[in-house]
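Report on the following structure.
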Amino acid sequence: MRRLSAWTAAVALGATSIAAPPAAAAGTGAAGTHWASWLGSAVADQPTTLRQVRTLIGADTGAAATLTGKGVGVALIDTGVAPVSGLPAAQIVNGPDLSLESQAADLRYLDTFGHGTHMAGIIAADDTTTGTKGLAPGVKLTSIKVGTANGTVDVTQVIAAVDWVVQHRNDDSANPIRVINLSYGSGGTPDAWNDPLGFAVEKAWQAGIVVVAAAGNDGNDFGSLANPASDEWIITVGATDTRGTLATSDDRLASFTNLATAGKQINVLAPGTSILSLRDTGSYVDTTYPSARVGDTLFRGSGTSQAAAVTSAAAALLLQAHPSATPDQIKSWLVRGSTRVPNGVAATLGLQGINVNGALARSTTTTTAQVFSRSSGAGTLDNSRGSSRVMFDNTPLSGQRSVWGSLPTTTWAARSGAGTAWAGGVWMGYRLAGDGWTGSSWAGRTWAAATWSNSAPWSASTTWSDPAWTGRRWTGRSWTTGSWSGRSWSSDDWSSASWS
């Protein structure tokens, strides 16, 4: 999977330009997921503050100015969230850690990469000391960690995370999860009618959850959107380059944003270049890209990851104003209430930037329900993964297997559709976490952890070193004051992301 932000790794989230970490350069890594968040030389020199972003998306005046996202839950499926200044513990929930770092107690739930913390800041920061405030600081943010310090994550971990969110969306009745932010995407180009990842996000959508996905950071000429951004049902977000100004007359499509030559096109654009959000001190991106630091607490990054987080926050504002709104309505309001981006490719294609007041104005109009075909979920996981794969002892994860073992997609789709893929902390028969909200961490509430079984991950000739993940493959992998060492899990595609 790829982060579509400002770093490179096995997962790519959003659109970001950044030098690939050693693992990515080596061509090993996570299952076709991109984290899209940070851009380097391609980004405008002038950083854009979150206050400026709020102005750019039309959320600082009129009816939108009073909205904070209060009463709305947002699920962030990403690299975890660090306990940094600006993220109030009472507003953060740690769901199960499904990452390969979950088996190390000193890494569990924490953002060793820095991507998830940056996304969380865009959405929910509320730092009374520095004045840094996210676009929806009143939301309850649930972090489901899937990515590691070098980005490694398989598409099956993301699927398991989406399944968990759907089943537990109403655990907090005061803040039900109504939005999923996916600032990542796989490099796969699966058939829409049977894609497992598409099935997962469509089930979330049908359960009343707005799914926001980053388009990808491979460039305007790439020819396809990241997966699941390519799914017709959900909201696909590209990034605008705002040129460091509050005027819209100079806005254009960010050059790193994926465009498709066929099929679904981007639904909306949002600011995604040199966005200032929270710094995760000592994380991979923080230590690798010190030039992206702004003061002691902020960090700038570019990518469709950031643009997706901006849009997730906007969706939360709309849901606060209209709690009974359906995902189809939120999508329609955002699209129809958007404003023209007047330059270059965006103008030619008619791509428009989100505007919260514009969306609120559309909320009184009739919305036609979407009628796209639905995925059966029975397709191959490899088609969902694409070319990016988690590597274990030089063996790529492939076939109908998850990180934890065999995963026939027909069986999974039936249980996911019925809402029974998870039973406590057991997903599809594999013990991945504890059985409830009894874990401990810095956050206000935490799902319990569990030890994964010592079984062959995806090759009969390879096994975990031991159930505690110690020994050769995990020794030295701890979160110290400034670095993570002993990386044995490599990642393939946290590329096209960058910190500047």
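The values are calculated or read from the model by the stated rules, or taken from the named source; none is laboratory data. Given the structure is predicted, the values throughout are model-derived calculations rather than measurements. Cβ coordinates were reconstructed from backbone atoms using ideal geometry, including for glycine residues, and neighbour counts include every protein chain displayed.
For residue 239, state whether it is in contact (Cβ under 8 Å) with a residue 40 or more places away in the chain, under 15 Å from residue 327 (Cα atoms) and hydrophobic (A, V, I, L, M, F, W, C). In short, no.
Being in contact with a Phe, Trp or Tyr (Cβ under 9 Å, 6 or more places away or on another chain), modelled with pLDDT of 95 or more and not small (Gly, Ala, Ser) holds for only one residue in 88, 83, and it is 83.
Quick grid of which residues meet (1) over 26 Å from residue 427 (Cα atoms); (2) among the hydroxyl-bearing types (Ser, Thr, Tyr); (3) at pLDDT below 95:
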position	(1), (2), (3)
43	yes, no, yes
56	yes, no, no
76	no, no, no
104	no, no, yes
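Say we look at the range 347-406 and pick out the residues that are under 22 Å from the mean Cα position of the chain (by Cα) and of a type in the set (Ser, Thr, Tyr); which of these is modelled with the lowest pLDDT? Within the range 347-406, the match that is modelled with the lowest pLDDT is 388.
Apart from one condition, residue 452 fits all of (1) under 14 Å from residue 96 (Cα atoms); (2) surrounded by 15 or more Cβ atoms within 10 Å (Cβ to Cβ); (3) at pLDDT 95 or above; the exception is (3). Scanning the range 396-416 for residues that are in a helix (DSSP H, G or I), of a type in the set (Gly, Ala, Ser) and surrounded by fewer than 16 Cβ atoms within 10 Å (Cβ to Cβ) turns up just one, 414. Just one of the numbered conditions (1) farther than 23 Å from residue 430 by Cβ; (2) polar (S, T, N, Q); (3) surrounded by fewer than 24 Cβ atoms within 10 Å (Cβ to Cβ) is not true of residue 167: (1). Within the range 257-279, residues that are in contact (Cβ under 8 Å) with a residue 60 or more places away in the chain and among the charged types (D, E, K, R) sit with their Cβ atoms under 8 Å from residues that are surrounded by fewer than 24 Cβ atoms within 10 Å (Cβ to Cβ) and assigned to a loop (DSSP other than H, G, I, E, B), at 6+ positions apart or across chains, in these pairs: 279/84; 279/296; 279/297.
Kindly check whether there is at least one residue in the range 124-131 that is more than 24 Å from residue 426 (Cβ to Cβ) and surrounded by 24 or more Cβ atoms within 10 Å (Cβ to Cβ). Yes: the range 124-131 contains one or more residues that are more than 24 Å from residue 426 (Cβ to Cβ) and surrounded by 24 or more Cβ atoms within 10 Å (Cβ to Cβ).
Among the residues of the range 68-86, those that are crowded, with 24+ Cβ neighbours inside 10 Å and aliphatic (A, V, I, L, M) comprise 72, 74, 75, 76, 77, 81, 82. Using the structure shown, decide if residue 348 is surrounded by fewer than 19 Cβ atoms within 10 Å (Cβ to Cβ) and not in a loop (DSSP other than H, G, I, E, B). In short, yes. Put simply, of 181, 170 the only residue that is in a strand (DSSP E or B) and closer than 15 Å to residue 95 by Cβ is 181. Which number in (1) in contact with a Lys or Arg (Cβ under 8 Å, 6 or more places away or on another chain); (2) more than 24 Å from residue 66 (Cα to Cα); (3) at pLDDT 95 or above marks the one condition that residue 412 misses? Of the numbered conditions (1) in contact with a Lys or Arg (Cβ under 8 Å, 6 or more places away or on another chain); (2) more than 24 Å from residue 66 (Cα to Cα); (3) at pLDDT 95 or above, the odd one out for residue 412 is (1).
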